[in-house]
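The structure appears right after this line, and notes come after that.
The values are calculated or read from the model by the stated rules, or taken from the named source; none is laboratory data. All of these numbers come straight from a predicted model, not from anything done at the bench. So basically every Cβ, Gly included, is an ideal-geometry build from the backbone, and we count neighbours across all protein chains shown.
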Amino acid sequence: MPSASEGPSIAVDRLSVTYRTSIERSPTLSGTLLRLGRRQRTVRTTQALKDVSFEVPKGTVLGVIGANGAGKSTLMRTVAGILPPTEGRIEVRGRVSTLLALGVGFNRELSGRENVVLGGLAAGLSRRRLQDKYEEIVAFSELEEFMDMPMRTYSSGMYGRLAFSVAVNMEPDILIIDEALSVGDARFRRKSFEKMRELCGQDRTILLVSHALGSIRDLCDEAIWIHRGELRMADEPDAVIDAYTTFLDVGEDAVTLEDV
Amino acid sequence: MSTDTPNSVQETETGPPGARPTSVLQRDDELSEHHVYEPHRVGLPPIGTYVKRLWERREFAFELSRTKLRAQHFNTVFGQLWLIINPLLLALVYFVLVDILRDGSRGPQFLAHLTAGLFAYYFVSDSVRQASRSVVSAGRLILNTPFPRVLLPLSAVLTAFKRFLPTIAIYVPIHALSGLPVGWHLLWTLPLVALFALVAAGVGMLAAAAQVYFRDLASFLPYVLRVWLYISPVLYFAQEVPERYRAILALNPLGAPLTAWSQVLNSGHAPSADVLGLSLAWAVVLLVAGALFFVSREREFAVRL
Ligand SMILES: Nc1ncnc2c1ncn2[C@@H]1O[C@H](COP(=O)(O)OP(=O)(O)OP(=O)(O)O)[C@@H](O)[C@H]1O
Ligand SMILES: [Mg+2]
């Protein structure tokens, strides 16, 4: 039996993921029957990841960059075990927490408190542990007065703050943050950046997806660049970001503009 | 496709992970996790691991049910009152309807049969209705958290069960006032309620998974459920069903359990062996079919929502 302390935290081996989406806006039985009658194809396939391989050693902070629709979120969902791979294999050692982690906000009619509790329980936390965590989450998000309001009344910044607070306070072995650093106002961004710096300094594997290249540069030990579903580059953050910005042809200005 | 074997989500328990100095809190699970994700065709995940996870996260199902009830004002006086008045009114309306059709020949005994049957039927149909929505309405949670999805429809059955409980309070006086026998045989109601729950869970899982693929099932479901009531021995006694319609009763998963239900509550004796056997067979078949269908499909839900 392999020991958990051996080997990398995450090993992705020749991973491909294909989405099969129904072309209908929402799939219906009557629609399917109609189209079967007309012998039309009902699904469209999108290959979101092609033959991606990389390893993340334990304790590494890995930055993931790439254009919109490159497949970053898909990769994160596969590592978290939410999407099954179409081909290839992923090995993960440790408990994973995804951002928007815990599906916070899965029901906008429910209050912030109910969403945090339900999300935490679904993610496998015990009630006792969740109770301790809950206080920390609320304190960090500074949303005390709003926790009993339905989440549909939250502003998008408040929404993001709560999601970020949940994600970073769960103390998983592997933390996945998919574009959460740019939520909130300037003050909360500073605070979340500080929190990220603290987390990155600990012995924890982190995958950080962000378009804020400045934070990737500051926080990460390594970086990968995904381009149209393929792994374009894996190296030191500086090298990857330079190549990426050169490729995008935007120059450092555009990068610093969106910095935390 | 490199392999046909089901996606193996293995968990090797390998002792405590390295101490984490920053963690003040004691971790509940001192076991570290090891997952392997591989491709699968439609197939079952390793059942042992699945059941283990399901059990670990049962609190989620309880809490979800509690939250749903809170949203339905279950905790308020009016909410509770509504849960009692609504089925009671329906029972009275159906009673008058059947009594008119039968030229006023129905007595209080029949009212007791009708109420008991109706409440049991509503437990099942309420479960199925709520379960059918459970997966589709949890989109974000499913996209962001890996957990045994089957907790969603099961939680719906639990919610329906809690809504069923207050109706017992209406039935008890009706039973007593109709002069129906009271005795140890009434204990048979407990396993029968369990049978109803199994049928509800089985059909609920089928409906929940099917809804992911065919969203318009939501609009068919009320018709299906209404027909289900009419072909069940609720608005009439099972023994009144003419020979040529007997097959419908046997093919209806609720036919046998509702017959047994009336035998215990109304006729005052233990359910006959054949009826009980058929009930059990239907419950097991539906539960297994529902679970297999749901669990073999659930890993696909994330890409389908
Ligand atoms: N649920 C889905 N069904 C079908 N196709 C999808 C789904 N989610 C993503 N895709 C497709 O997969 C590809 C990769 O999407 P993904 O969300 O992984 O991109 P991303 O790198 O996270 O982009 P962004 O920077 O905008 O967040 C895109 O072409 C997208 O259209
Ligand atoms: Mg994304």
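Structural remarks
- Test: residue B:135 is in contact with a helix residue (DSSP H, G or I) (Cβ under 6 Å, 6 or more places away or on another chain), among the β-branched types (Val, Ile, Thr) and within 14 Å of chain A (Cβ to nearest Cβ): yes
- Single condition residue B:277 does not satisfy, out of (1) closer than 30 Å to residue B:146 by Cα; (2) surrounded by fewer than 18 Cβ atoms within 10 Å (Cβ to Cβ): (1)
- Per-region count, region B:248-305, residues outside any helix (DSSP H, G or I) and within 16 Å of ligand 1 (Cβ to nearest atom): 1
- Residues that are touching a His at 6+ places or on another chain (Cβ under 9 Å) and either part of a strand (DSSP E or B) or more than 16 Å from ligand 1 (Cβ to nearest atom) (or both), drawn from region A:167-210: none
- Residues of region B:186-236 that turn out to be part of a helix (DSSP H, G or I) and touching a Gly at 6+ places or on another chain (Cβ under 6 Å), as a count: 3
- When A:90, A:82 are checked against the criterion of being out of contact with any strand residue (DSSP E or B) (no Cβ under 7 Å at 6 or more places or on another chain) and either at the interface with chain B (Cβ under 9 Å from one of its Cβ atoms) or part of a helix (DSSP H, G or I) (or both), A:82 stands alone in meeting it.
- Hey, residue A:64 modelled with pLDDT of 90 or more, touching a helix residue (DSSP H, G or I) at 6+ places or on another chain (Cβ under 7 Å), more than 8 Å from chain B (Cβ to nearest Cβ) and farther than 30 Å from residue A:149 by Cα or not: yes
- The number of residues in region A:50-62 that are more than 16 Å from ligand 1 (Cβ to nearest atom) and buried (at least 22 other Cβ atoms within 10 Å of the Cβ) comes to 2.
- Selected residue [among the charged types (D, E, K, R) and crowded, with 20+ Cβ neighbours inside 10 Å] from B:299, B:304, B:244: B:299
- Top-ranked residue in region A:167-195 [being modelled with pLDDT of 85 or more, away from ligand 2 (no atom under 16 Å from the Cβ) and within 14 Å of another protein chain (Cβ to nearest Cβ); ranked as surrounded by the most Cβ atoms within 10 Å (Cβ to Cβ)]: A:175
Matching residues to (1) within 13 Å of ligand 1 (Cβ to nearest atom); (2) in contact (Cβ under 8 Å) with a residue 12 or more places away in the chain; (3) within 16 Å of the chain's Cα centre (by Cα):
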position: A:45; (1), (2), (3): yes, yes, no
position: A:64; (1), (2), (3): yes, yes, yes
position: A:79; (1), (2), (3): yes, yes, yes
position: A:86; (1), (2), (3): yes, yes, no
position: A:89; (1), (2), (3): no, yes, no
position: A:92; (1), (2), (3): no, yes, yes
